[in-house]
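Take a look at the structure below.
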Amino acid sequence: MSSTTRLELRQGQSLVMTPQLQQSIKLLQLNNLEITAYVESELERNPLLEHDETEPPQTEDGDAGPEVDFDADDGAVVDPGEDGSNWAADGGAAGGGDALGPVGQSASRGRSAEFEDRGNVLEQTLSRPKSLKDHLQEQLNVDLVDPGDRLIGVHLIDMLDEAGYLAGDLAGVAERLGCDTARIEAALKKLQRFDPPGVFARSLAECLGLQLEDRGRYDPAMQTLIAHLDLLAKQDLSRLKRLCEVDEDRLAAMVAEIKTLNPKPGLAFDAEVAQPIVPDVILRRHPSSGWQIELNAETLPRVLVNTPYYTRVHGDARNRDEKDYLSECLQSANWLVRALDQRARTILRVARELVRQQEAFFTHGVRFLKPLTLSDIAEAIDMHESTVSRVTTNKYVSTPRGMYELKYFFSTALASANGGEAHSAVAVRDRIKELIDRESADDVLSDDRIAESLTGSGINIARRTVAKYREAMRIPSSAQRRRVKKISA
């Protein structure tokens, strides 16, 4: 076989993901808080970027941010500018590479403004709450006198999980410390009297038992009940009455007392500062009619490209590498401003169409939520379905009816029993929950009866679908609900 060298010309198609395209896709699926963190990292890396410290322009109603007015009467959308872009700050120096938009513009001022009016950062720092291990260490130093017990206590404290349970084998502690397991058990008994009651437990039953011992309520009947928590979870009350040798009233009182206990006592400590959900989009009733949609300007990052600074420094560059670095920084800064601007416009387009499609929900409630898919929105606004998916993931809208993830408004459809419009699965789940909430102890609805009731209301649904939705909402079966209602009665 002979080998020869030859040239061939072939045609083909392939998708090339440039770094900028990859970054654009990444920015699109981040929420406003994640975008802010990303922009902060870019500000540290790129000397040509800086914060926009100017006040965002105000709308006619006094609210800052890009907005779109939606007229519910005729479905028309009135944009104050091109897709809501007229909220960008005016000004900026002219020149190549300038990028104007709702999240950025070219700047004519220096970077020193970034460090002004920052306030006292130390005074704004949250105090650190006492941790569970710190709390236990304080008690260890006071309550345990024997040095050996203290050493064991230090090891056992380190073995606690965040809920206050002891994770690990005591035999391993005994081997590391070179003592008997009985000595470890004895020290553990002392530690289990520490505050909060129930700490250092090795199981849920032991945790509840320690708390009952602390209250002086751990009698033989209660010990038997704690030893059979599996029967309590199944609501097998008749068998529990026989095992505990108590009547129905006494068992109900014991169960009620168990419900007052804390199954995870350690969670009272090490509490992280709760991070509230911050909306990316805000929906308000328009003063005249319809709805007003706007991005949340308070969390939307606003950056500037310092073109004059680039011009001055680029002119003083001493070699080719420095000029290439500055050009790369300018290109990256301009791209970031354009990408943020495009992201804002895309979110507004998707949110606007969602409001248009689900206007009945915002006006009348969850019963009027329509079946909707990503492809429905993508087709309506001429956008790819994957883009709509990224825009609606992990982003929230604040509405007069509460805070919702944008994904909430997408649901499958259930056919109508009388040939009318299909029903949203979310609306059907709400109906199931309402039927169960209204039931009495003497009339607990089975899944079959719920399906019959919904079918009579015009919803074509099977019993297994009712069971699936009920389980998804973590609602017990009719038999379990009947037992619980008898206990509570």
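The values are calculated or read from the model by the stated rules, or taken from the named source; none is laboratory data. As the structure is a computational prediction, the values presented were derived from the model and not from experiment. Cβ atoms come from the backbone with ideal geometry, glycine included; neighbour counts cover every protein chain shown. For the accessible areas, the whole protein counts, side chains as well, though only heavy atoms, and no ligand, DNA or RNA atoms are used. Shrake-Rupley method; radii C 1.70, N 1.55, O 1.52, S 1.80 Å.
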(request) Could you name the lysines whose alpha carbon sits less than 24 Å from that of Lys395, not counting residues in the same chain fewer than 8 places away? (result) Lys26, Lys370, Lys407
(request) Please work out the average accessible area per residue across segment 381-489, using the 1.4 Å probe convention, and give it in Å². (result) 54
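Net charge near Ala472, counting Lys/Arg +1 and Asp/Glu -1 over other residues with Cβ under 12 Å of its Cβ? Write out the running numbers ahead of the final one.
Values: positive: Arg429, Lys433, Lys468, Arg470, Arg474; negative: Glu471.
Charge balance near Ala472 sits at +4.
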(request) With r as the distance between the Cβ atoms of Ala462 and Glu213 and R0 = 60 Å, compute the FRET efficiency 1/(1 + (r/R0)^6) and round to 0.05. (result) 0.75
(request) Please give the solvent-accessible surface of Thr412 in Å², to the nearest 10, using a probe radius of 1.4 Å with every protein chain present. (result) 90
(message) Taking the square root of 5 times each eigenvalue of the Cα gyration tensor, what semi-axes in Å does the equivalent ellipsoid of segment 367-489 have, largest first?
(response) 33, 18, 11
(message) If you average the C-alpha positions of segment 411-484 and of segment 316-363 separately, how far apart do those two centres end up, in angstrom?
(response) 45
(message) With a cap of 14 neighbouring Cβ atoms within 10 Å, and only residues DSSP puts in a loop, list the trypsin sites (Lys or Arg not before Pro) found in segment 313-379.
(response) Arg318
(request) Roll a 1.4 angstrom probe over the protein heavy atoms and tell me the percent of accessible area of segment 256-330 that is carbon or sulfur. (result) 52
(message) Are there any GluC sites (Glu not before Pro) in segment 255-343 that are in a DSSP loop and have at most 10 other Cβ atoms within 10 Å? List them by number.
(response) Glu272
(request) Starting from the Cα gyration tensor of segment 397-443, take the square roots of the eigenvalues, sort them a ≥ b ≥ c, and report rounded, prolate or oblate (rounded when a/c is under 1.5, otherwise prolate if a/b is larger than b/c, else oblate). (result) oblate
(request) Among the lysines, select those whose C-alpha is under 20 Å from the C-alpha of Lys241, and discard any that sit fewer than 8 residues away in the same chain. (result) Lys259, Lys485, Lys486
(request) Could you list which residues have their amide H under 5 Å from that of Ser411, counting only those 5 or more apart in sequence or on another chain, with H placed in the peptide plane? (result) Leu372
